[in-house]
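The values are calculated or read from the model by the stated rules, or taken from the named source; none is laboratory data. Everything quoted here is computed from the prediction, not taken from an experiment. With ideal geometry, Cβ positions are generated from the backbone for all residues, glycine too; neighbour counts draw on all protein chains shown. For accessibility, only protein heavy atoms count, side chains too; no ligands or nucleic acids. Shrake-Rupley method; radii C 1.70, N 1.55, O 1.52, S 1.80 Å.
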Amino acid sequence: MGPASKMATDNNSCTVKALSAAFSISYDDAHSFAAKEWNRVTGRGVRTSAMLQTFPIGFSTQSRALGKEITRAKATSEYKQPNGTMLERAMNLSTFCKKHPRGTYYILVDGHALVITDGEVVDHSDRPKRRIKFAWKIS
């Protein structure tokens, strides 16, 4: 994250911090983007539905933002059940890191945004068992 003038007074800003880290931009630039594109109000979180206007929902589509390409990344694993049927479950952060050891990913978990860079979680808390709701590769 780059230098920031707004970060000290901004709460509920995980989406902005994750934008700053994932796109290698300053906090203030990320703050401006979130306000303009996602209608983020200082001190308030961002709705996932707003982010999905910028980030692709489908796996075969791409989008661009802040000078980078964004593609949806698979964040589920399949497990064979005792009856032979397959069950698909959301990956947790530690499994995702093992399966994606290279690259930068913007990640949404329940009520929180963070970044994974080269298999390392970039976040203020260490909770590797959180399940991923959405993951996007930033390149």
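Listed values, structure above:
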quantity: Karplus-derived HN-Hα couplings along region 97-113 (A = 6.51, B = -1.76, C = 1.60, θ = phi - 60°), whole Hz, x at Gly and Pro; calculated: 4, 5, 7, 10, x, 10, x, 10, 10, 8, 10, 10, 10, 4, x, 7, 10
quantity: 3J(HN,Hα) from dihedral phi, region 14-23, Karplus parametrisation 6.51/-1.76/1.60, rounded to Hz, x for glycine, proline; calculated: 4, 5, 6, 4, 5, 4, 4, 6, 5, 9
quantity: Projected-area mean, region 58-128, by convex hull of Cα positions, square nanometres; calculated: 6.3
quantity: Region 32-130, accessible area per residue, ligands and nucleic acids excluded (1.4 Å, Å²); calculated: 62
quantity: Within region 39-139, trypsin sites (Lys or Arg not before Pro) in DSSP loop having at most 15 other beta-carbon neighbours inside 10 Å; calculated: ARG44, ARG47, LYS74, ARG102, LYS129
quantity: Mean separation of Cα contacts under 8 Å (6+ apart) over length of the chain, as relative contact order %; calculated: 22
quantity: Label-to-label distance, nm, for residues given as SER24 and GLU69 (7 Å Cα→Cβ offset); calculated: 1.6
quantity: Within-9-Å neighbourhood charge of SER139 [Cβ basis; K, R +1; D, E -1]; calculated: +1
quantity: Most mobile of GLY84, GLY103, GLY111 in a GNM of the chain (Cα contacts under 10 Å); calculated: GLY84
quantity: Net charge of neighbours whose Cβ lies under 14 Å from the Cβ of VAL121, counting Lys and Arg as +1 and Asp and Glu as -1; calculated: +3
quantity: Cut-off under 5 Å, modelled amide H: who pairs with VAL109 long-range; calculated: LEU114, LYS133
